[in-house]
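Each value in this text was obtained by applying a stated rule to the coordinates, not by laboratory testing. Everything numeric here is computed off the predicted structure, so don't read it as measured data. Here the Cβ positions follow ideal geometry from the backbone for every residue, glycine too, while neighbour counts run over all protein chains shown.
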Amino acid sequence: MTAALALGCKTKIIHTVCSDDSTRRRLTEPHPARNRNYDFYLKLKADFEQIAYPKLTVNTDDPLSSNLQACLSYLRGR
């Protein structure tokens, strides 16, 4: 982010979140990453650093259509 800002690039951050229950359920599905499991998620969550830049937070538990609209509006600057 620092490099993009230093170069004068416009940036947009979309931060996606969901409930722990959704995360647990989603992580039971097959995935090529072998370390992709709920324990690893909890470690990442505990170490997460808040994003200090303007951002849109999207809850992926919400309907896709409303999330898509929110993202498009954000990206278009509305």
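Quick notes
- Near pairs, Cβ below 8 angstrom, 6+ apart or cross-chain, from the stretch 57-74 (closer than 24 Å to Asp21 by Cα and in contact (Cβ under 8 Å) with a residue 24 or more places away in the chain) to any residue that is small (Gly, Ala, Ser) and surrounded by 14 or more Cβ atoms within 10 Å (Cβ to Cβ): Val58/Ala70
- Subset of the stretch 33-77 [touching a Ser or Thr at 6+ places or on another chain (Cβ under 6 Å) and either assigned to a loop (DSSP other than H, G, I, E, B) or of a type in the set (Ser, Thr, Tyr) (or both)]: Tyr41, Thr60, Asp61
- Filter result (closer than 20 Å to Lys12 by Cα, among the charged types (D, E, K, R) and free of Cβ contacts under 8 Å to residues at least 12 places away in the same chain) within the stretch 33-56: Glu49
- The stretch 1-32, residues that are assigned to a loop (DSSP other than H, G, I, E, B) and either more than 29 Å from Leu72 (Cβ to Cβ) or of a type in the set (S, T, N, Q) (or both): Thr11, Ser19, Thr28, Pro30, Pro32
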